[in-house]
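Okay, structure first, notes after.
Coordinate-derived values only; no laboratory data. Computed from a predicted structure; not experimentally measured. FYI the Cβ positions are ideal-geometry reconstructions off the backbone, even for glycines, and counts take in every protein chain you see.
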Amino acid sequence: MNLNQAKSPKKLPVNSGFNKVRKNFLKNWQLYAFLLPALSYFIIFHYIPMYGVQIAFKNFIANKGIWGSPWIGFDHFTRFFDSYYFWRLIKNTLILSLYQLLLFPLPIILALSLNELKNGAFKKWAQTLTYAPHFISVVVVVGMIVIFLDPINGLVNQLIVLFGGEQIRFLDSPKWFRHIFVWSGVWQSLGWGSIIYLAALAGVNPELHEAAEIDGASRMQRILHINIPSILPTIVVLFILNIGSFMSVGFEKVLLMQNSLNLETSDVIQTYVYQAGLLEGQYGFAAAIGLFDSLINIALLITFNYVARKTSNNSLW
Amino acid sequence: MKFNKVLFPALSVMLLLAACSGKDKENNEVETDSKNFNESGMPIVNETIKLDIFAGKSATTADDWNNVLILDEYEKMTNVDITWNQVPADGLQEKRNLALASGTLPDVFYAATIPVADIQKYGQQGTFIPLNDLIEKHAPNLSKILEEYPDIKKGLTFPDGNIYSFPTIYSPEFQSLLIGAKPWIKQDWLDQLGMKNPETTDELYAYLKAVKETDLNGNGKHDEVPLSSVSMTRILHWISGAYGIQNKGQLHTLIDTDLKSGELRFFPIADEYKEMLVYMNKLYTEGLIEQNIYSIDVPQYLANAAEELYGSTQFYNPIELFGEDIGKDYVVGNALEGPDGTKMYTGVTSPLRGMGNFVITDKNKFPAETVRWMDYFFSDEGALMFFMGIEGETYEQTANGPVLLDKITDSPDGLTMTQELAKYLINPGGNHPVMVTDDYFTGSENAATDKEATKVLEPYLIDEVWPSFTYTAKENDNMSILAADLGKYVTEMQAKFITGDTSFSKWDEYVKTIEKMGLEEYMKIEQGAYERYQK
């Protein structure tokens, strides 16, 4: 009796909702068919592998497989939190991420400046020049860094010595690591990152500029009061997306630049995961750290999305 | 309902994928087909069987082992058809771990340098099969060696009584190979400076200092590097003996015994170790050691050597590496005497060089055949084939034993001997599960200069060299974490103390950190392993 009573009021809306969905689906089935490849891609390559995350809570034994291995609860997590390296990893990861995040406005500034260029040929040339480093692979970039910063034969050190300075062992010193890492990243991605802002700027209504010009607005004023507000939604969305990968610093590059002397600042969560997982074969432990890392990222993403929605009405969802 | 129809294909794909990754658990019986298998003599099997081998490949060997003279020949002899899946030494560690975790195992891991802890772990889990009985029954050659050298057998056996692998053995009589890389010093620069070959750490310092301050290669620049190598670890193999550090050999990077009390000690916190670091710090900060020793790679090292920059070095035979012209000037460096009179040479390895270079997985349907296949190379005949190739094709018998043909030592294509040999053999280079003796070995440790160098160092070699210790399953669990953390911290701090990034006033803090990282537990486990080893 009770059961039926509880069911009946809910049943109707559910059913009608489903019918609506069904009708809509039948009518537009071609559109859904287009969605299918992308959907199955995500299911197969991004959702199915997720079942492997459980090894973070298991003592993984290879020949028993993931399902067959015994559960051990949060042991891997506690081991990580108790580890001597825990705070150092967190600190290094956070500092590197923050450092990179602080430079978030650089591509915007570049886009705004490029946008002001009136000489078409020069503008194209400048754009191409700033994009170019994006196409160099990380390995090559690190190779270039190593060659340029070599303490004896490197270009940079030779210049320093030429001007009477002392050779600096850039790559062997913990205090230089962050700067080299972040600024070489800026060099590589600045132009590429500005593309999307340039596109947004191209969409700014020219009438606004004309009106402002008639009212006597200077160039700077037009940038501040027309261009920036117009691309603000793009900026906010990209910023939130960036936050979503806050804790994932460019792993390959860190690893390539790492050596036993700069570990103090270059040891980050992701290189630690690589080391524990792939090099030492402790998959459960590595999965636990990776999961912890992802959870922080998700939490940050949701928080910032919420803040952005409340404050500026621009958000991912 | 239509919804289900759309989902169905996606679901079935999912299930299919899951099914593919989940199977292959059938063949667990370790049984031999008695009709096909021959207990002795060749071929090993009458009808061809196939094996799938995961092989670590060093850069110096042929790119495709499926097409190498001795392996082809051996296949004809044995009827064992092997598919070699070579993995370059560079990514070996990760590829091996992935293979072990994925469940798609090969029949054999060959030259894959599996760490002792992993042999234990996967042996316990049943991924690697115990070989005791198989070796006893089907490996007469290895059995003979193990009988002859009980220490090797002891080192190879795990606390549970099992042997899981065919080892790489360096003949205990082949000292030159046990030492491997040796210290070399530039005789013509010594002569120019009017100095004698340094015998003590102070004399070495004086020589290095003089090299730094004199333009000995005469190019008008002070570009000489007094002491270099490809890593700091190698340089320390030369220096540490003077301080009595690491006095149980290269394979133990954290423990040895206290020379006075004879007790097991964690040497990176010993006073002698600190003294050594102070000395190294002096050398490094005064520019007497290659300044980018922590990031140098072998090609860069060789390029510098070719420019005649090195006053002394610790690596393999200079004649082979730098060429006759530059290499001939180097003579072996002495074992050094430290400030308190200690004089020993500790850069030496145990004859049980590697334990993880041949393991058979539970997927292998022919373990007995596989064991026989491997055992042949431990025989005299097999070793000759492995190291020298085929008579008439690569070597000829002379009154002084087998000698490589001229076409190999003096390649018509202008290749080095190692490059030429790669067409026929899978040696030199790599961690092969064989017994290496000086009879057939073609590597540089067998060169005349190296053998002479060995004579100089031999009187000061440490008398007891430990093989890697083995642990019980329970110990192993803690050990892998403790050793990884401690090892990482010690390496990092060693570099910092030597380069001066961390001052020695932080020494006590360093020791305390090590204690906090679980030193006591680590030492308790090592003590247990040590006691087992002594029995």
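Odds and ends about this structure:
- Length available on full extension from A:Lys91 to A:Phe34: 0.36 nm per residue minus the Cα-Cα distance, which gives 16.0 nm.
- Remark on segment B:75-145: Rg and Dmax equal 14.2, 36 Å (Cα only).
- Whole-number percent relative contact order across chain B, with pairs defined as alpha carbons under 8 Å at least 6 apart: 24
- If the chain linking B:Glu39 and B:Asp325 were pulled fully straight, counting 0.36 nm for each residue of separation and taking away their Cα-Cα distance, it would gain 97.6 nm.
- Part-to-part distance (alpha-carbon centres) for segment B:216-235 and segment B:387-410, which is given in Å: 38
- Within segment A:88-227, the percentage of alpha carbon pairs spaced more than 20 angstrom apart rounds to 62%.
- Translational D in µm²/s for segment B:452-533 (Stokes-Einstein at 25 °C, 0.890 mPa s, Kirkwood Rh from C-alpha pairs): 160
- On the beta carbon distance between B:Lys512 and B:Lys535, with R0 = 35 Å, the FRET formula returns roughly 0.55.
- Space enclosed by the convex hull of the alpha-carbon atoms of chain A, per residue, Å³: 263
- Burial order of peptide ranges B:104-114, B:441-451 (average beta-carbon count within 10 Å, highest first): B:104-114, B:441-451
- One compactness figure for segment B:162-260 is 1.42, namely its Cα radius of gyration divided by 2.2 N^0.38 Å.
- Scaled against the 2.2 N^0.38 Å expected of a compact globular protein of N residues, the Cα radius of gyration of segment A:177-250 reads 1.44.
- Cα-based reach from B:Lys137 at 20 Å (exclusive), listing lysines while leaving out same-chain residues under 8 positions away: B:Lys35, B:Lys153, B:Lys154, B:Lys365
- A crude spin-label estimate for the pair A:Trp125 and B:Glu381, with each label 7 Å from Cα along the Cβ direction, gives 7.8 nm.
- A:Asn19 versus A:Asp215: modelled label distance in nm, points set 7 Å from Cα along the beta carbon direction: 5.5
- DSSP H segments from chain B that extend 20 Å or more along their own axis, Cα-based, with Kyte-Doolittle mean of 0.0 or above: B:2-22
- Kirkwood hydrodynamic radius of segment B:141-191, Cα pairs, Å: 13.8
- Burial order of peptide ranges A:65-74, B:477-486, B:173-182, B:321-330 (average beta-carbon count within 10 Å, highest first): B:173-182, B:477-486, B:321-330, A:65-74
- B:Ala59-B:Asp81 pseudo-label distance in nm [points 7 Å out on the Cα-to-Cβ vector]: 3.5
- The rule of thumb for compact globular proteins, 2.2 N^0.38 Å, goes into the C-alpha radius of gyration of chain B 1.07 times.
- 10 Å Cβ neighbours from other chains, averaged over peptide B:204-216: 0
- Tail beyond 45 Å, pair distance distribution of the protein assembly as shown (Cα, percent): 40
- Note on B:Asp438 and A:Val237: with the Förster distance fixed at 56 Å, the Cβ-Cβ geometry gives a FRET efficiency of about 0.20.
- Packing order of peptides B:88-98, A:252-262, highest average first: A:252-262, B:88-98 (average count of other Cβ atoms within 10 Å over each peptide's residues).
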